[in-house]
Amino acid sequence: MTIRLIFLLPVFFMLWSCQSDASGSTADQQSETNQPATSATVVPDEKEARPQPSLYQPPQSTEVLFLSIDDQTVAAGETVCTPVRARGFNSLLSMQYTVAWNPDVLTFKGLKDFGLPYLTIQNFGTTRVQEGVMPVAWIDNALKGVTVSAGNPLYTVCFEAKASGQSSPVQIIDQPTAIEVVNLGEKLVGLDSEPGTIAVQ
């Protein structure tokens, strides 16, 4: 499908560049064998050292996906679950971002209530939850575009409350996984979010 080509084009461009560089290097080596050696120092080509621009930049849509996370209050030592709700989730093909919280206040316990097709625990990066960050990356494998009614949860994330008398935001950030949302028209959709707060009594 075309959406897959969007992500593969930069890879093809890099492969083509590598082949071109390899051909150029072979020609350079042949020409060097016919010339006397003047120095052992090799000066790198400044053009090759500079990063190459991306071959394709997806167009930007005027649409915006809005995500909100519910506020919760919990006693220390108990588990609390808070849903991530969507508004403007219209004919989307993919999305990615990072969920973040304060690991000194909350300990990640799990995920449930998946509200998107093809969304499972495998779409969440849980290897750094002890640092308070969890990347999310989802794609509609059917490539037909998914629409979710406003206010419906996409999924629910659960924590154990650690520190009495403290609170932690649960929010959407762009590190380590950058924010990116793509719709059925293969355009980038903006993402706005409202963090939730979990207060520990």
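Quick look at the numbers
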quantity	calculated
Residue in the stretch 140-157 that is closer than 24 Å to Gly77 by Cα, touching a Ser or Thr at 6+ places or on another chain (Cβ under 8 Å) and at pLDDT 95 or above present	yes
Test result for Arg50, basic (Lys, Arg), modelled with pLDDT of 95 or more and either buried (at least 19 other Cβ atoms within 10 Å of the Cβ) or more than 27 Å from Ala142 (Cβ to Cβ) (or both)	no
Subset tally (residues that are in contact with a Phe, Trp or Tyr (Cβ under 9 Å, 6 or more places away or on another chain), open to solvent by less than 20 Å² (accessible area, probe 1.4 Å) and part of a strand (DSSP E or B)) for the stretch 60-89	8
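The values are calculated or read from the model by the stated rules, or taken from the named source; none is laboratory data. Only a predicted model underlies this, so the values are computations on that prediction, with no experimental measurement involved. Note that we place each Cβ from the backbone using ideal geometry, even for glycine, and neighbour counts take in every protein chain shown. For the accessible areas, the whole protein counts, side chains as well, though only heavy atoms, and no ligand, DNA or RNA atoms are used. Shrake-Rupley method; radii C 1.70, N 1.55, O 1.52, S 1.80 Å.
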